[in-house]
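In what follows, a structure is listed as C-alpha cells, so that the remarks can point back to it.
The values are calculated or read from the model by the stated rules, or taken from the named source; none is laboratory data. This structure is a prediction, so every number in the text was calculated from the model and none was measured. Glycine gets a Cβ as well: all are built from the backbone with ideal geometry, and neighbour counts include every protein chain shown. We work out accessible area using only protein heavy atoms, side chains counted, and drop any ligands, DNA or RNA first. Shrake-Rupley method; radii C 1.70, N 1.55, O 1.52, S 1.80 Å.
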Amino acid sequence: MLPTSLERFDTKASLQRSVADQMADYLRDCVSRRGVASVSLSGGSTPKRIYELLAEMDLPWDQIHWFWGDERNVSADDEQSNFRMVRLALLDPAKVPAAQIHPVETNLSDPAAAARDYENKLRSFFSGQSMPVWDLVLLGMGDDGHTASLFPHTRALAERERWFTENWVEKFDAYRYTLSAPAIAAGRERWFLITGAEKREALQNVLNSETSADDYPAKMIMPTRLLVTEETLPVSA
Ligand code: 6PG
C-alpha cells in the first residue's frame with residue numbers, strides 16, 4: 001500500500017478541507033483535458049464533509065459522473081445507504097443533473113443480480129476499455145483494515161475478473177456491494193483518506209509487509225495518495 005505521497009494533517013477538518021479543494025482543482029483539470037470526469041465515491045464519515053464542501057464550489061457539474069465504490073444492501077432512502085449520504089451532502093445541494101448520477105440499484109432479495117446490473121452500467125460507461133479507468137477513486141479504511149466493502153476474509157477479496165460484486169459480510173450478517181481490487185486499481189488517481197486514532201493499529205498492519213491482505217484488505221490497494229491525520233499514524237511514522 002506504499003503510496004507515492006503521504007500527506008499528514010493535524011485535524012480531520014483540515015484534511016477534509018484540503019481534499020475538497022484538491023478534488024475540485026483536479027476534476028476541473030480532468031474536464032478541461034478530456035471534457036469529462038468520472039469519480040468513484042466512498043461512504044463513511046470522512047468523505048461526507050468533503051462532499052458537503054464540494055457542493056459549495058463552482059464545478060463543471062454537467063461533465064462529472066459520480067459512481068459508488070461500495071454500497072450497502074439497503075434501499076436508496078435507508079439511513080445506511082451510501083447513495084443517500086452522497087445525495088444529501090452533494091447531489092441535492094449542488095443540483096447535480098440526474099444524467100451524471102450512477103447509483104447502485106440495490107436489490108435486497110437478489111444481490112448478485114444488482115451487482116451484475118452495476119457491472120453492466122460500468123462496462124457501458126467505460127465501453128471499449130478493459131478496465132474502469134476512473135479519474136479518481138476515493139477510499140476510506142475501517143479499523144479492521146477494510147476498504148470500500150472489501151472486508152477481511154470475504155469472498156470479494158479474491159475477485160479478479162469482475163469489476164463489481166456482491167459480498168457477504170458475516171459480521172454484519174448482510175450483503176454489501178463493492179468494487180473489486182482490480183477495478184479500484186484501474187483508477188488514474190486513488191486517494192486513501194484515513195482519520196481517527198482507532199485506525200492507527202490497522203494502518204500499522206496495512207503498512208507492515210509481514211501481514212496478509214486477507215487480514216487487512218486495504219493492503220490490496222496501491223494508492224497514489226495517502227492522506228491521514230496525525231492521530232492515525234503509527235508512532236514510528
Ligand atoms: C462505507 C465505506 C467504508 C469507509 C470506512 C471508513 O461504506 O462505510 O465505504 O469503507 O470508507 O468504513 O469510514 P470513515 O471515513 O467513517 O472512517
Share of Cα-Cα pairs in region 144-237 beyond 16 Å, in percent? 55
Name the aspartates and glutamates eligible as straight-distance cross-link partners of LYS199: C-alpha to C-alpha under 13 Å, and not fewer than 8 places from it in the same chain. ASP143, ASP144, GLU230, GLU231
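For the chain, count all C-alpha to C-alpha pairs, find those more than 24 Å apart, and express that count as a whole percent of the total. If you can, show how the numbers build up before the last one.
On the way: 11502 of 27966 pairs.
I get 41 percent for the Cα pairs in the chain exceeding 24 Å.
What translational D, rounded to a whole number of µm²/s, comes out for region 23-72 from Stokes-Einstein when the hydrodynamic radius is the Kirkwood one over Cα pairs, at 10 °C and 1.306 mPa s? Before the final figure, lay out each step's value.
Numbers: Rh = 11.6 Å.
D = 137 µm²/s.
Determine the dipole magnitude for the chain: charges of +1 sit on the beta-carbon of Lys and Arg, -1 on that of Asp and Glu, nothing else is charged, the reference point is the Cα centre, and the result goes in debye to the nearest 20.
Values: 26 positive and 35 negative charges, 119 e Å.
Taking the Cα centre of the chain as origin, the dipole is about 580 debye.
Could you calculate the FRET efficiency of ASP173 with THR224 from 1/(1 + (r/R0)^6), where r is the beta carbon distance between them and R0 is 25 Å, rounded to 0.05? Let's see the in-between values first.
Working: r = 35 Å, r/R0 = 1.39.
Using R0 = 25 Å, I get an efficiency of 0.10.
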List the equivalent ellipsoid semi-axes of region 1-107 in whole Å, largest first, each obtained as the square root of 5λ for an eigenvalue λ of the Cα gyration tensor. 22, 19, 14
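Just to verify a number: FRET efficiency for GLU79 and ASP215, C-beta to C-beta distance, R0 = 35 Å, to 0.05?
Working: r = 30 Å, r/R0 = 0.85.
According to the calculation, E is roughly 0.75.
Percent of accessible area on the chain owned by carbon and sulfur, 1.4 Å probe?
Numbers: 4960 of 10240 Å².
After summing per-atom areas, the C and S share lands at 48 percent.
Assuming R0 = 35 Å, what is the FRET efficiency of LEU6 and LEU108, from their Cβ-Cβ distance, to the nearest 0.05?
Details: r = 40 Å, r/R0 = 1.14.
Between LEU6 and LEU108 the formula returns 0.30.
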Whole number in Å², please: accessible area per residue of region 49-108, 1.4 Å probe, ligands, DNA and RNA not counted. 45
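Per residue of the chain, what 222 nm ellipticity follows from adding -39500 (n - 2.57) for every DSSP H run with n ≥ 4, rounded to the nearest 500?
Values: 6 runs with 67 residues, N = 237.
Helices in the chain give a 222 nm mean residue ellipticity of -8500 deg cm²/dmol.
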Determine the distance separating the Cα centre of region 81-147 from the Cα centre of region 160-189; give it in Å without decimals. 11
So, counting K/R as plus one and D/E as minus one, what does the shell of residues with Cβ under 14 Å around ALA115 add up to? -2
